[in-house]
Amino acid sequence: MNPAGNNIVPPAGRALPRASDALPWALVTPALGWTLLFFVLPFIAMGFSSLTAHEGGGFTLSNYSQFFTNPSYWQAMVNSLEVTAIVTVVSVLLAYPFAWILAEQVPERWQRLALMLAVLPFWTSYVVRSYSWLLVLAQNGVINRALTGSGLVSEPLQLANTRLATVTGFVHFFVMLLTLTIFANLKQLSPSYRKAAADLGAGPVRTFLHVILPLTLPGIMVGAFLTFVLCIGDYITPQILGGNNELLMPQLVMMQIGRRGDFPLASALSIILMAVVTVAYLACARWLKIERA
Amino acid sequence: MRQIVRAASLVYALAVYGFIFLPVVVLVLFSLQATSFPIPPFTGPSLRWYEVVLSDTRLTSALVNSLLVASISSATAVTLGFLSAWGFARFVLPGSSLLRGLITLPLTVSYLIIGMGLLVLFNWAGVPKSLLAAGIGHVVINLPLCFAIIYSQMGDHQINIERAARDLGAPEWKVLLLITVPVMAPAIFAGFFLSMTFSWDEFVISFLLTRFDTTLPVEIWNLLRSGLNPKTNAVGSLVFAVSIVLVVLFELTLLRRRRT
């Protein structure tokens, strides 16, 4: 703490001689106002709504107690957590070696192109991408045609409208996302770590397990957390690919609005979903902090 | 050993590329299908499904709606994002980091919940479902992105240019319009094009907040009820093409920024 140091570079704001006090507020107020009016206020409205009865109004906790007493609502949360966990683990396991290959085996000048190619399908419409998987997985789709055509199976397999289809669609999306985050993390590692490990006599496997992997763990955790958040809150992929064989939480929320117009219950379920994400965030943040210390 | 690793890497990388590209290739390939089912064997090539899509007024008006909502909401998001980024980067405000946190907060909440909240609020306030309502939601999700991109690009060298302009007698609005906006143009365009891609592709908020006039992802969703259909493949391929154009524009503006 050097008091003189504060004076070397004056804070940006004080460098503006003619700025009246009203100007900075005039600049930031529209954005803040928009966020308060169309993000915070709706959230408060949703909180109130979740405490009212669907018919007749009046305050009640029944929307929340329904979640804990109705086994099919519970089951949706269990399904969501299971699918999200499978997707996160499979995506990390698939993306890590891929990101490593892009970062280590591909010549430097091709890396940008290789990465751009890897995330190109990222930019197809999300709805369309799930539908495309249907073309691949359907009863008479590409995979089943290939399997029956080559005589490997006699009857087409039931691939669409299953949990497998939902997981495949999700993994497809998150492999691209995780490849980006892990690749960035691997590129940030200084090559001197690897040299130092080699100088100390570690083989490539030991270097990877004891040096590279622990150093990229924070990046993996950030990517995995992002996967968790986006996966558990997504409606499109499970609705298109999973069919209605098992419901996930977002599907349950949308069902309350679409079929029954039950905003209070939908609000309560959304808030429970958000609470789960917040718990995951707190768990993750704490874990990350311990890792860094 | 090295050779084995290289060979295994190549096989693995090709397998992952195959997995990533499989659905997109199938989509585009069967959009060129001549017959009525987008399934093997491939009977194309034919552009007839593109003709069907482009003469379908529901789809073309949804496409126009999507472009309108995307461009207007992105312009709004980038304007609000730019003004606030300038305000936070150039002035000392009380509670500045807290307020910046508030602006970026919507990034951490799923689109479904943002849409739900707006639906409940608009329902109470008696605001009818419309493209405007959906557009408001798109600004909510894109404002934090625009703000973050532009705020991160507000460097110190720009302060000096602005100071020089002030010393030469320029009023604040002239500094903003004639100095800061041109200097920040690459970041502003990058934010704009990125929001365009997100708004153009956004489904859940539009689905919840529009009724009769709606956006293309919602129309595509409605098409899916008719099962596998080459028309859906064709419209999906068109959406892909537009997204790629937007991403390339985003990349180009970002690259321009890096060179300066």
Residue pairs meeting the criteria (Cβ under 8 Å; at least 6 apart or on separate chains; first facing another protein chain (nearest Cβ under 7 Å), in region B:105-118; second assigned to a loop (DSSP other than H, G, I, E, B) and surrounded by fewer than 24 Cβ atoms within 10 Å (Cβ to Cβ)):
B:L112/A:Y235
Which pairs have Cβ atoms under 7 Å, sit 6 or more apart or on different chains, and link a residue in region A:178-189 that is part of a helix (DSSP H, G or I) to one that is open to solvent by 40 Å² or more (accessible area, probe 1.4 Å) and of a type outside the set (D, E, K, R)?
A:T181/A:V222; A:L186/A:W100
Subset of region B:101-138 [within 15 Å of the chain's Cα centre (by Cα) and open to solvent by less than 40 Å² (accessible area, probe 1.4 Å)]
B:A134, B:G135, B:I136, B:G137, B:H138
Among helices (runs of 4 or more DSSP H) entirely within region A:102-162, at least 1 residues that are within 30 Å of A:P204 (Cα to Cα), open to solvent by 40 Å² or more (accessible area, probe 1.4 Å) and within 11 Å of chain B (Cβ to nearest Cβ) occur in A:108-119
Condition check: surrounded by fewer than 22 Cβ atoms within 10 Å (Cβ to Cβ), under 20 Å from B:S84 (Cβ atoms) and within 10 Å of chain A (Cβ to nearest Cβ). Does B:I141 satisfy that?
no
If you scan region A:102-139, which residues turn out to be free of Cβ contacts under 8 Å to residues at least 24 places away in the same chain and either in contact with a Pro (Cβ under 7 Å, 6 or more places away or on another chain) or on the phi > 0 side of the Ramachandran plot (or both)?
A:S125, A:S132, A:L135, A:V136, A:Q139
Among the residues of region A:213-238, count how many are assigned to a helix (DSSP H, G or I) and either without any contact (Cβ under 8 Å) to a residue 24 or more places away in the chain or over 21 Å from A:L102 (Cα atoms) (or both).
12
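Per-residue answers, yes or no, for (1) under 25 Å from A:I182 (Cβ atoms); (2) away from chain B (no Cβ under 11 Å):
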| site | (1), (2) |
| --- | --- |
| A:A198 | yes, yes |
| A:V222 | yes, yes |
| A:G243 | no, yes |
| A:M249 | no, no |
| A:G261 | no, no |
| A:A266 | no, no |
Given the options B:A134, B:A170, B:A148, B:A164, name the one that is in a helix (DSSP H, G or I) and over 28 Å from B:S66 (Cα atoms).
B:A164
Among the residues of region B:1-29, write down those that are in contact with a Gly (Cβ under 8 Å, 6 or more places away or on another chain) and touching a residue at least 60 places away in the same chain (Cβ under 8 Å).
B:L27
Report, ordered by the first and then the second residue, all pairs with beta carbons closer than 9 Å, sequence separation of six or more or different chains, a first member in region B:231-260 that is at the interface with chain A (Cβ under 9 Å from one of its Cβ atoms), and a second member that is at pLDDT below 75 and open to solvent by less than 20 Å² (accessible area, probe 1.4 Å).
B:T232/B:P38; B:N233/B:P38
What are the residues in region A:13-63 that are aromatic (F, W, Y) and modelled with pLDDT of 90 or more, if any?
A:W34, A:F38, A:F39, A:F43, A:F48
(1) surrounded by fewer than 21 Cβ atoms within 10 Å (Cβ to Cβ); (2) at the interface with chain A (Cβ under 7 Å from one of its Cβ atoms); (3) modelled with pLDDT under 90 all hold for B:V26 apart from (1)
Selection within region A:45-76 - surrounded by 13 or more Cβ atoms within 10 Å (Cβ to Cβ) and within 14 Å of chain B (Cβ to nearest Cβ):
A:A45, A:M46, A:G47, A:F48, A:S49, A:S50, A:L51, A:T52, A:H54, A:N63, A:A76
Being free of Cβ contacts under 8 Å to residues at least 12 places away in the same chain, closer than 30 Å to A:A31 by Cα, crowded, with 19+ Cβ neighbours inside 10 Å and of a type in the set (F, W, Y) narrows B:F82, B:F91 down to just B:F91
List the pairs whose first member sits in region A:85-98 and is within 18 Å of A:V276 (Cα to Cα), whose second member is part of a helix (DSSP H, G or I) and of a type outside the set (A, V, I, L, M), and whose Cβ atoms are under 6 Å apart, counting only residues at least 6 apart or on separate chains?
A:V87/A:F170; A:V87/A:C231; A:T88/A:T227; A:T88/A:F228
Is it the case that region A:80-90 has a residue that's open to solvent by 20 Å² or more (accessible area, probe 1.4 Å), in a helix (DSSP H, G or I), within 30 Å of B:V242 (Cβ to Cβ) and not hydroxyl-bearing (S, T, Y)?
no
Evaluate region A:229-237: report whether one residue or more is of a type in the set (D, E, K, R) and modelled with pLDDT of 90 or more.
yes
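The values are calculated or read from the model by the stated rules, or taken from the named source; none is laboratory data. These numbers come from a predicted model, not from an experiment. So basically every Cβ, Gly included, is an ideal-geometry build from the backbone, and we count neighbours across all protein chains shown. In case anyone asks, the SASA skips ligands and DNA or RNA and just uses the protein heavy atoms, side chains included. Shrake-Rupley method; radii C 1.70, N 1.55, O 1.52, S 1.80 Å.
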